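Nothing in this text is a laboratory measurement; each read-out follows from the coordinates by a stated rule. These numbers were taken from a predicted model, which means no experiment stands behind them. Positions of Cβ are backbone-derived with ideal geometry, glycine not excepted, and every protein chain shown enters the neighbour counts.
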Amino acid sequence: MPNGILKGKKGIIFGALDNQSIAWKVAEYAFREGAEIVLTNAPIALRMGTINELAEKTNSIVIPADATNTEDLNNLYTKAIEHLGGKIDFVLHSIGMSVNVRKGKQYYEMNYDWTLKGMDVSATSFHKTIKAAWDLDALNEWGSVVGLSYIAAQRVFHTYNDMADNKALLESIARSFGYHYGLKKNVRINTVSQSPTITTAGSGVSGFDGFFKFADDLSPLGNATAEDCANYCISLFSDYTKKITMQNLFHDGGFSNMGMSAKVMDKYMRSIEEK
Ligand SMILES: NC(=O)c1ccc[n+]([C@@H]2O[C@H](COP(=O)([O-])OP(=O)(O)OC[C@H]3O[C@@H](n4cnc5c(N)ncnc54)[C@H](O)[C@@H]3O)[C@@H](O)[C@H]2O)c1
């Protein structure tokens, strides 16, 4: 299905850890659509993951950057522009981590040092990523920045803990910076609110299998896969979506507008009858 819709565009992709990562698929599809890309991840993730394999596949280089560190981000943009031979047209921020979630804490048991760390990595890093580009004037006119979110920003998912707050902040940053960067340079900034997806970060949430299955049963189109998400991101990087900005875009097979489905109701009633 490649149509070359990113031909001539240059991008930076944050967050490909292994071939399950959403960012991994986005990198593959961006390359397939004709973009030239640079990959980046936190130095520690580069040691743990398999990003070099992706770099080879997508004819790209890897520039390490901790997305919470402005110096690293400045270095990333400077080197990426040098390597790609021009300013950047699109950025994918595909980053999330909560120490509270990792340690299995409940919302009412938060350790605030961990909360601050998780907020910095999962949400403030989005602001830092955009601000570094702003300060260096690293993005081209009509550039596109996409962050990945989850519907826990709007609704309660009982074990999602502080990641719910982090996603709410992430979506707010897309709106606020989207206003300023839109005025300055017609840069558009959006978040994509993705279905539960089987990845390292996703599977780290307690009860993930249940969220995944429930969402799949409730959504008329079923869960959106990482591949579906990559296709959507590609469209947002392309010139076909130039006037979409400051939005949180649900990419979830219809889940966000559902209350009850026949499939979920049947299963629920059966489980009651069996008791
Ligand atoms: N998997 C899901 O169910 C799901 C659903 C909706 C949204 N999302 C979001 O999608 C995004 C990508 O997650 P994923 O599911 O592909 O999992 P993943 O674990 O493959 O990706 C998370 C990435 O964040 C990177 N990261 C962590 N700390 C960093 C730092 N300080 N600097 C730079 N990078 C850092 C990790 O190295 C990793 O590559 C996240 O924002 C996640 O919240 C995931």
Checklist entry - Hey, which of these cross-link pairs are over 28 Å Cα-Cα: LYS128/LYS184; LYS117/LYS242; LYS25/LYS79? => result LYS117/LYS242
Checklist outcome for this item: Neighbour-count ranking for ARG102, ARG188, ARG270 (other C-beta within 10 angstrom, fewest to most) reads ARG270, ARG102, ARG188
Checklist entry - Which is farthest toward the positive dipole end of the chain among SER94, ALA262, HIS180, measuring Cα position about the Cα centre, with Cβ charges +1 (Lys, Arg) and -1 (Asp, Glu)? => result HIS180
Checklist outcome for this item: Per the C-alpha gyration tensor (a ≥ b ≥ c, the square roots of its eigenvalues), the chain is rounded if a/c is under 1.5, else prolate if a/b beats b/c, else oblate; here it's prolate
Item to check | For the range 19-80, the fraction of alpha-carbon pairs in successive 5 Å shells from zero, as % | outcome: 4, 19, 28, 25, 18, 6, 0
Checklist entry - Using only Cα atoms, what Kirkwood radius does the range 1-111 have, in angstroms? => result 14.8
Item to check | Magnitude of the charge dipole, the chain, Cβ model with Lys/Arg +1 and Asp/Glu -1, debye to 20 | outcome: 400
Checklist entry - Which of ALA262, ALA224, ALA42 moves most in a GNM of the chain, Cα contacts under 10 Å? => result ALA262
Checklist entry - Hey, what do the phi angles of the range 238-243 turn into as Karplus ³J(HN,Hα) couplings, whole Hz, using 6.51/-1.76/1.60 and θ = phi - 60°, x for Gly and Pro? => result 7, 6, 6, 10, 5, 9
